[in-house]
Amino acid sequence: MKVLIFFILFHSMSVFANDANNKEPKDTMVIGSKNFTESYILAEILAKIATQVGEAKVIRKFGMGGTGICYQSLENEAIDIYPEYTGTISEVILKKPSLKSWNEIQKELFKDGYDISSEIGFNNTYALATRLSYATEKQIKKISQLKNMKSFRMGFTHEFLKREDGYQQLKKHYQFGEHDTLGIEHSLAYEALNSEKIDFMEVYSTDAKISKFGLRVLEDDLNFFPNYKAILFYKKSFSNRFPKTYKAFNQYLIGKISNEQMIKLNSLVEVDQKSFSDAAFAFLGEGFSKSKKVKNLELKRILTLSIEHMKLVSVSLIFAVLLAVPVGIFAFHHRGFGQVLLGMTAIMQTIPSLALLCFLIPFLGIGNPPAYFALFLYGLLPIARNTYLGFSSIPTKLIETCELMGMSSWQRLCYVEFPLAFKSILSGVQTSAVINVGTATLAAFIGAGGLGTLINTGLALNNTKIILTGAIPAAFLAILVHVFFEVIEKRNFFRKDH
Amino acid sequence: MIELKSVSKSYGQNVVIPSLDLKILHEKTHCLLGTSGSGKTTILRLISGLTPLNSGEVSIQGAPLSNLSRQEFASKVGFVSQDGGLFPHMTCWENILLPGKIHNKDLEVLRSRCYEFSKMVDLPVSLLDKVPAQLSGGQRQRVALIRGLILDPDILLLDEPMSALDPMVRASLQRQLKIMFKELKKTVLIITHDLHEASFLGDVIHLLNGGRIIQEGSFKELYERPKEDFVDEFLKAQIPDELLNHKGSQS
């Protein structure tokens, strides 16, 4: 009997669910990406395929700030899938650099409930590159040929020069002798190579600049550099939850992008200034229906993001004020325990913002909640501290006068203490607000939007113009916030002695 | 009116008041006179309950101080401190009416009382719309005085109320105070180190040294029949030579 009821219930529920399914996909698929061009493009391709399949509502959380945040988000199901590299998984996520092959890595991940797709095709690892003219002149195609060359100059990033698996090991591995090496910033190295100041530099093998500057990438014929094969990273359950999409990813993307193609797609965005969406369409071809393109006026977008930004700052600030002012007052009345509380808010301040956002993902996921919460925590110290200082600076004589007048502590707070401390409290709030306008740009790393989105994209594209479209409004907002509080202070409602 | 019975106070090993008996009489003006460190400020703090005493008893109008709530105390005792203790963020009007708000009094009654007092101390009412920082020292003390009296308490405590004023201002305020206290029939205790002020205002002077009352009585009594050498020394230090000579020739 019980079974029968259960069956009927279950059946009717599934019918109901199917009904809903006809109107809108019942599930949502959150696609993530890291904050560099290639990751954006791959994620955009995924999003387009998934939208075409229509099995789930697609949500884009692009430009997240690094492997840690992406992995945390995947673990906590804040995102469902994102493009990753085999080398990154073995070194950063599994922390087992000895795992090299796709099979080894997949097996290890599978134990923990994760899975990866087959290789997308390209390998985005370190490589040595040279000018095409130089390569032709000296007839070099492989790194092993360097051993027999007499003299050449190399420019490497400081990191590559110092890394365990960097230049020193490379030299040993390929047995070429001592040559001139120059420590140089990565983007400058391209110019140096182009203007014949150096002959070789290290590059990422799918870097758009390889095509822009017409470089030859030398073959790593003795397999020195680790593999960074692009794959898709998701939880085991992904293929069951989205079987059609999963199939479509395999059909349209997996094994389909070579190093040369990826360089081209990257350079479409970075050199030709096309959008990620355009690059994705360039790969997928005309077969994919282009959704009606909404011409988003740049100004309108900046405005929307600015509003989003101010919402992040103001909402978190209000809650910070609501907690920090009482904490400051409490600290003033109970010096011992109060100092402990102030110390705690100071500790919050020392946590690097990205790390804090990362810690919060297991509890709050990604997007707005952790961003609000982090900004709230960062807002506490200046407000609590200034409240405490404001109360401490009230002369004892005045407090005694209150007592002799027969005021209750609540009356003393309202009539005397708060009005006298108000200026100090306000300047604490001002400090918090201005700092948080800056800190809120980091919220984009965990998909909470705001002006950081533009800065993030600009950084990924190494496009100063886009960075500035985010940074200038942010700076402007900071000034606006500053002026706003100055005005409030000038019209101090609680004081007549101005 | 105010009575202290074998009151003592010490901070750790430092005995400030060994054992003190003091009576402040009804509708009289008493002056606690002494050098700094003589314990006069401590005595005032003990009476007002700002500092807890070690032993003994303080009573106000027959009621032990420890039984009085802050509210009850404030309705019986007005207070004026050395620098006035006015709240810098309020206008003088707000300062004066604040005790009324705290004690839920009819502000109109207080306002008319304020007009009356202003006249007595010769303070233009138009100044009351300003904040304390815009007033002179003498004007501020007058405002503080009005605030101290606004609830019409029977007792008024003044902690060196004129020490920060220049001599001319001080003299005129002293005259006004003397008249005011008598007219309003207040019981007054003034802390001062100024012999002239004490002799001018005080019906009774208590000369203090090392937390002990060395002698009490009118200025005349102290002057003519000093109980200890200290009394003589203290008076000599503040009386012009010619007056002292005058005393010498008398005796």
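For region B:98-119, give me the residue count where each residue is away from chain A (no Cβ under 11 Å), in contact (Cβ under 8 Å) with a residue 40 or more places away in the chain and under 24 Å from the mean Cα position of the chain (by Cα).
Matching residues across region B:98-119 total 2.
For region A:403-498, list the helices (runs of 4 or more DSSP H) that sit wholly inside it and hold at least 1 residues that are farther than 30 Å from B:Pro153 by Cα; which are they?
Numbers: elements: A:409-412, A:418-439, A:452-461, A:464-490.
Qualifying helices (runs of 4 or more DSSP H): A:418-439, A:452-461, A:464-490.
Mind listing whichever residues of region B:16-48 are out of contact with any strand residue (DSSP E or B) (no Cβ under 8 Å at 6 or more places or on another chain) and not in a helix (DSSP H, G or I)?
Step one: of region B:16-48, the residues out of contact with any strand residue (DSSP E or B) (no Cβ under 8 Å at 6 or more places or on another chain) are B:36-37, B:45.
Matches in region B:16-48: B:Ser36, B:Gly37.
Inspect all residues belonging to region B:120-131 and state whether any of them is within 11 Å of chain A (Cβ to nearest Cβ) and not acidic (Asp, Glu).
Let us first name the residues in region B:120-131 that are within 11 Å of chain A (Cβ to nearest Cβ), namely B:129-131.
Checking the rest, the ones that are also not acidic (Asp, Glu) come to B:130-131.
Yes, region B:120-131 contains a residue that is within 11 Å of chain A (Cβ to nearest Cβ) and not acidic (Asp, Glu).
Could you list, ordered by first residue, the pairs with Cβ atoms under 6 Å in which the first is in region B:62-90 and facing chain A (nearest Cβ under 7 Å) and the second is among the small types (Gly, Ala, Ser), at least 6 apart or interchain?
B:Arg70/A:Gly406; B:Gln71/A:Gly406; B:Ala74/A:Gly406; B:Phe79/B:Gly148
Take region A:77-103 and flag every residue that is closer than 21 Å to A:Tyr246 by Cβ and surrounded by fewer than 16 Cβ atoms within 10 Å (Cβ to Cβ).
A:Glu77, A:Asn103
If B:Glu160 meets every condition in (1) farther than 23 Å from A:Leu420 by Cβ; (2) within 14 Å of chain A (Cβ to nearest Cβ); (3) open to solvent by 10 Å² or more (accessible area, probe 1.4 Å); (4) in contact with a Lys or Arg (Cβ under 7 Å, 6 or more places away or on another chain) apart from one, which number is that one?
That leaves (4) as the condition not met.
Report yes if A:Leu193 is in contact with a helix residue (DSSP H, G or I) (Cβ under 6 Å, 6 or more places away or on another chain), in contact (Cβ under 8 Å) with a residue 40 or more places away in the chain and open to solvent by less than 20 Å² (accessible area, probe 1.4 Å), otherwise no.
Values: in contact with a helix residue (DSSP H, G or I) (Cβ under 6 Å, 6 or more places away or on another chain): no; in contact (Cβ under 8 Å) with a residue 40 or more places away in the chain: yes; open to solvent by less than 20 Å² (accessible area, probe 1.4 Å): yes.
Considered against the rule, which asks whether it is in contact with a helix residue (DSSP H, G or I) (Cβ under 6 Å, 6 or more places away or on another chain), in contact (Cβ under 8 Å) with a residue 40 or more places away in the chain and open to solvent by less than 20 Å² (accessible area, probe 1.4 Å), A:Leu193 comes out as no.
How many residues does region A:376-387 hold that are crowded, with 24+ Cβ neighbours inside 10 Å and under 22 Å from A:Arg412 (Cβ atoms)?
Counting residues in region A:376-387 that are crowded, with 24+ Cβ neighbours inside 10 Å and under 22 Å from A:Arg412 (Cβ atoms) gives 4.
Looking at region A:205-240 only, could you name the residues that are in a helix (DSSP H, G or I), open to solvent by 40 Å² or more (accessible area, probe 1.4 Å) and aliphatic (A, V, I, L, M)?
Once the filter is applied, which keeps residues that are in a helix (DSSP H, G or I), open to solvent by 40 Å² or more (accessible area, probe 1.4 Å) and aliphatic (A, V, I, L, M), region A:205-240 yields nothing.
When the residues of region A:388-402 are filtered to those that are part of a helix (DSSP H, G or I) and open to solvent by 40 Å² or more (accessible area, probe 1.4 Å), which remaining residue is nearest to the other protein chains (Cβ to nearest Cβ)? Before the answer, list the steps.
Start the filter on region A:388-402 by keeping residues that are part of a helix (DSSP H, G or I), which leaves A:388-392, A:396-402.
Those still in the list that are open to solvent by 40 Å² or more (accessible area, probe 1.4 Å) too: A:389, A:392, A:396-397.
Values: A:Leu389: 17, A:Ser392: 16, A:Thr396: 10, A:Lys397: 6 Å.
The residue in question is A:Lys397.
Out of all the residues in region B:147-157, which are more than 14 Å from chain A (Cβ to nearest Cβ) and either more than 20 Å from B:Leu201 (Cβ to Cβ) or open to solvent by less than 10 Å² (accessible area, probe 1.4 Å) (or both)?
From region B:147-157, those more than 14 Å from chain A (Cβ to nearest Cβ) are B:152, B:154; that's our starting set.
Selection gives B:Asp152 alone.
Suppose the filter is open to solvent by less than 40 Å² (accessible area, probe 1.4 Å), without any contact (Cβ under 8 Å) to a residue 60 or more places away in the chain, assigned by TED's automatic domain parsing to the domain that holds A:Ile318 and assigned to a helix (DSSP H, G or I); does A:Cys358 pass it? Outline the logic, then answer.
Details: open to solvent by less than 40 Å² (accessible area, probe 1.4 Å): yes; without any contact (Cβ under 8 Å) to a residue 60 or more places away in the chain: no; assigned by TED's automatic domain parsing to the domain that holds A:Ile318: yes; assigned to a helix (DSSP H, G or I): yes.
No: the conditions fail for A:Cys358.
The values are calculated or read from the model by the stated rules, or taken from the named source; none is laboratory data. What you see is a predicted model, and the numbers here were worked out from it, not measured in a lab. Neighbour counts are summed over all protein chains in view; Cβ atoms, including those assigned to glycine, are modelled from backbone coordinates with ideal geometry. SASA here: full protein model, heavy atoms, side chains in, ligands and nucleic acids out. Shrake-Rupley method; radii C 1.70, N 1.55, O 1.52, S 1.80 Å.
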